[in-house]
1. What are the ³J(HN,Hα) values, in whole Hz, obtained from phi via the Karplus relation 6.51 cos²θ - 1.76 cosθ + 1.60 with θ = phi - 60°, for each residue of region 192-200 in sequence order, with x given for Gly and Pro?
2. Pull out a ≥ b ≥ c, the square roots of the eigenvalues of the alpha-carbon gyration tensor of the chain, then state rounded if a/c is under 1.5, prolate if not and a/b is larger than b/c, and oblate in the remaining case.
3. Cβ under 13 Å from Glu173's Cβ, Glu173 left aside: what net charge do those residues give with Lys, Arg +1 and Asp, Glu -1?
4. Give the long-range amide H neighbours of Glu163: residues separated by 5 or more places, or on another chain, with amide H under 5 Å away, using H modelled in the peptide plane at 1.01 Å from N.
5. Quick one: grab the alpha carbon gyration tensor of region 380-517, order the square roots of its eigenvalues as a ≥ b ≥ c, and give me rounded if a/c is under 1.5, else prolate or oblate depending on whether a/b is larger than b/c.
6. Got a sec? Charge dipole of the chain, +1 on Cβ for Lys and Arg, -1 for Asp and Glu; which of Leu135, Trp210, Asn284 is way out at the positive end?
7. Quick one: which residues, 5+ away or cross-chain, put their amide H under 5 Å from the amide H of Leu287? H built at 1.01 Å from N.
8. With θ set to phi - 60°, apply the Karplus curve 6.51 cos²θ - 1.76 cosθ + 1.60 along region 178-188 and write out the HN-Hα couplings as whole Hz, x wherever there is a Gly or Pro.
Amino acid sequence: MTDAAPAPITEAHEKVLIVDFGSQVTQLIARRLREAGVYCEIHPYDKVDDAKLEAFAPKAIILSGGPASVHEAESPRAPQKVFELGVPVLGICYGEMTMCAQLGGAVEGGHDREFGRAEIQLQKTSPLLEGLGELGDRETVWMSHGDKITAIPQGFEVVATSEGSPYAVIADEGRRFYGIQFHPEVHHTPRGALILRNFTHRIAGLKGDWTMASYRQEQVAKIRAQVGDARVICGLSGGVDSSVAAVLIHEAIGDQLTCVFVDTGLLRKDEATQVVDLFRDHYNIPLVHVDAGELFLGELAGVTDPETKRKTIGRLFIEVFDRESAKIEGAAFLAQGTLYPDVIESVSASGGPSAVIKSHHNVGGLPDYMKLKLVEPLRELFKDEVRALGVELGLAPAFVGRHPFPGPGLAIRIPGEITREKVAVLQQADAIYLDEIRKAGLYDKIWQAFAVLLPVKTVGVMGDARTYEDVLALRAVTSTDGMTADFFEFPWEVLGRCATRIINEVRGVNRVVYDVTSKPPGTIEWE
């Protein structure tokens, strides 16, 4: 097993601790704080003890929402020391309820539930709601709770109410304890970011000193201290995460870094050439390019189950990567593009950081025989922060702003058996689709767009002949965080141009459809 990654260099930053009670949107709280320049970390409630609280030394604490009911036995609680540190505390939804229960209030079940859009009415002035309006004004928020606070602790006052929540916002201004029944972190609460900023900047007095420029400097120093004069191998996929990690590490240690690019043959059209040109020719980073397309396509022949595809790709990737890595003398470290959401999920799922190799396929474990230590310079960042860091490092905005691409590549965008012919068809159709989106000036307005070659054939007439060819689906979604998504409302003329070009230029496709599926919280990831 590899050594654990060293502690992050964040001592100079003001820090906020988010205690996670299991809400599916807890990461959005961190995103909103980071957007306001505040460094924060998410830790599961059952992993936060008194020693960790003192070691972390937060300037403020936020208690997240969660699915449990406070009035039930064995329901989660915040460490009591949270309320003894003398720092501001904000409870959100379940966080407000456990705060009330732990400080002498009361919470009951069996009352009317409150889910979805609601309005709160301002009853009392508070720095938490500064800028939201005057007393009596109403504000749209997003509720999601089935229990009800029936009594608030001594010292608290009502700041705002809603039709279903007499204690929609409460405050103990003396101790700087605040509770809100709604979710300010989701975009359905239009001015939720202002509420969170009021808490961090106005109440906790934070300056917001979290910037990509400072992070870059800190990580360069950290990488040099960790690696010394040893060699580092980076599994380069050509995606944004591994690319930014590679450029950052190269800035720190130069030619001590060697990138291994395993070309699975399942990438987007011309992507392998672009990766080689960028890293070998432009950045002059030592790069091993392994053209393994024949191997991957051969092993995938006849495989139709999507999970089997993933595992096959993961196994082959590690085998090829390990074989090439063994040829690099003096390699002691493995660099990965692990992001903070990966860290959060692994801690929440297993009770501690995992030893998962975050290759571009996101499957498979780091085998014990790979005696390498991990270098993960992005493990404190969210996706959009990685993009900002990439621009800070000099990568072109068009490169770091590319739409997310799934680890297994086109293999999961071809339901059913993977063949060389199908991959070629999808690569060409996908390239046309993205080209038309860019020409229309829509690329940066869409979070993710891609084509899917469906396992369906239709009869059509092209010219004077009947055809029996494949159906291609186009998908495009908008999102602010990647956790929820909605279909993009294309102008019909753009979709029409996409369909016309694909049918005319791509042999084997005679029908194009547009997918208008949305992705609510908690559903499967878009791929």
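The values are calculated or read from the model by the stated rules, or taken from the named source; none is laboratory data. What you are looking at is a predicted structure, and each value in this text was computed from that prediction instead of being measured. Note that each Cβ is placed from the backbone with ideal geometry, even for glycine, and that neighbours are counted across all protein chains shown. Quick note on the areas: whole protein, heavy atoms, side chains included, nothing else; ligands and nucleic acids left out. Shrake-Rupley method; radii C 1.70, N 1.55, O 1.52, S 1.80 Å.
1. Calculated HN-Hα couplings, in order: x, 4, 5, 4, 5, 5, 4, 5, 6 Hz.
2. Since a/c reaches 1.5 but b/c is at least a/b, the shape of the chain is classed as oblate.
3. So the surrounding residues net to +1.
4. Amide H neighbours of Glu163: Glu119.
5. prolate
6. Towards the positive end, the residue furthest out is Asn284.
7. It is Cys259, by chain and number.
8. Once rounded to whole Hz, the list reads 9, x, 10, 7, 9, 10, x, 7, 8, 6, 6.
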